[in-house]
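Q: Pasting a structure here, questions to come.
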Amino acid sequence: MIRGIVLAAGASTRMGQAKAALPFGHTGETVVSQVVRTLLRGGVPDVTVVAGAHIDAVRIAMPSHEPRARVIEHAGWEQGQLSSLLKGLDAIDHPLLEAAVVTLVDVPLVLPSTVSAVIAEWRRTRAPIVRPKSGASGASGASGASGAVNSERHGHPVIFDRSVFADLRAADLNTGAKAVFAKHRDRVVNVEVDDPGAFEDIDTPEDYEKLRRSQISDV
């Protein structure tokens, strides 16, 4: 059993408004509804969106008539991204849960095929952490987590196997999940994908306008 988590609890300070609720594409989607639908289309059976600073806006922006998606409120969102991840993990945890597929609401351009590729690699390897990568690595082997050169980028979604749930819960909230990646760096599996959207964050109005221009040019 796998389940999805979308982290959408931040204040979107640089954007100046809730990123999750911004219009996306040409079909009436929002940023958060696009992210949710991408995970579902990529093979995640259900998705939990963790909201905080803009809880009402996130609820309104969720995909309509989609019983496989829900919003939960994280009152402690100011404690940082890891605290939101742990809130989502607590909400989806189940004795049969094997892994969590985690992404940011900031990354709406990722393709369903990337989600599917990451899930397939996790099923094949049962690695503790699996994530998309782009570019060359200075390390040999599948992990490439240490010794990587600057041309390698890591994106979303990230799969956390159940074997690292305890490590996530024990991590310092100020440090975030970096310590967990470091602890398991020799076993992290990076899946090379041809998907620029897996590595593009929308954090500022400029980022959003760039996205809108690219969408118009694709029509």
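Q: Given a Förster distance of 35 Å, report the FRET efficiency between ARG169 and ARG213 from their Cβ-Cβ distance, rounded to the nearest 0.05. Please report the intermediate quantities before stating the final value.
A: Details: r = 41 Å, r/R0 = 1.18.
It comes out at approximately 0.25.
Q: So how much accessible area does LYS210 have, in Å² to the nearest 10, using a 1.4 Å probe?
A: Estimated to the nearest 10 Å², LYS210 gives 130 Å².
Q: Roughly what % antiparallel, to the nearest 5, for the DSSP beta bridges in the chain? Don't jump to the answer; show the numbers that get you there.
A: Numbers: 10 of 30 bridges.
Expressed as a percentage, antiparallel bridges in the chain total about 35.
Q: I'd like to check one number: the per residue accessible area of the chain, probe 1.4 Å, reported in Å² as a whole number.
A: Heavy-atom accessible area per residue stands at 47 Å².
Q: Leaving ligands, DNA and RNA out of it, work out the accessible area of ARG68 with a 1.4 Å probe and give it in Å² to the nearest 10.
A: 110
Q: Something else now. Based only on Cα atoms, what Rg/Rh ratio does the range 65-130 have, Rh being taken as Kirkwood's radius?
A: On the way: Rg = 13.6 Å, Rh = 14.0 Å.
When Rh is taken as the Kirkwood radius, the ratio is 0.98.
Q: Here is a further query. Could you put MET1, MET62 in order of accessible surface area, largest first, with the 1.4 Å probe and the full protein assembly present? Don't skip to the end; give the middle numbers.
A: Values: MET1 75, MET62 30 Å².
So the residues, ranked largest to smallest area, are MET1, MET62.
Q: Then there's this: Using a ≥ b ≥ c from the Cα gyration tensor of the range 56-95 (square roots of the eigenvalues), is it rounded, prolate or oblate, where a/c under 1.5 gives rounded and otherwise the larger of a/b and b/c decides, a/b for prolate?
A: Working: a/c = 3.30, a/b = 1.29, b/c = 2.55.
It is oblate, given that a/c is not under 1.5 and a/b is not larger than b/c.
Q: Could you work out [θ]222 nm for the chain from helices alone, using -39500 (n - 2.57) per DSSP H run of at least four and dividing by all its residues? Round to the nearest 500 deg cm²/dmol. Provide the component values of the computation, followed by the final result.
A: Values: 7 runs with 70 residues, N = 219.
Helix-only estimate at 222 nm: -9500 deg cm²/dmol.
Q: Taking a ≥ b ≥ c as the square roots of the eigenvalues of the Cα gyration tensor of the range 1-109, is the shape rounded (a/c under 1.5), prolate (a/b larger than b/c) or oblate?
A: Working: a/c = 1.91, a/b = 1.15, b/c = 1.66.
Oblate is the answer for the range 1-109, as a/c is 1.5 or above yet b/c matches or exceeds a/b.
Q: Between the range 173-194 and the range 103-136, how far is it from one alpha carbon centroid to the other, in angstrom?
A: Centre-to-centre distance over Cα atoms comes out at 12 Å.
Q: What's the whole-number percent of alpha carbon pairs in the chain lying beyond 29 angstrom?
A: 21
The values are calculated or read from the model by the stated rules, or taken from the named source; none is laboratory data. Bear in mind that the values here come from a model prediction, so they are computed numbers and not experimental data. Every residue, glycine as well, gets a Cβ built from its backbone with ideal geometry; the counts of neighbours run over all protein chains shown. When the accessible area is computed, the model is the full protein with side chains, heavy atoms only, and any ligands, DNA or RNA have been set aside. Shrake-Rupley method; radii C 1.70, N 1.55, O 1.52, S 1.80 Å.
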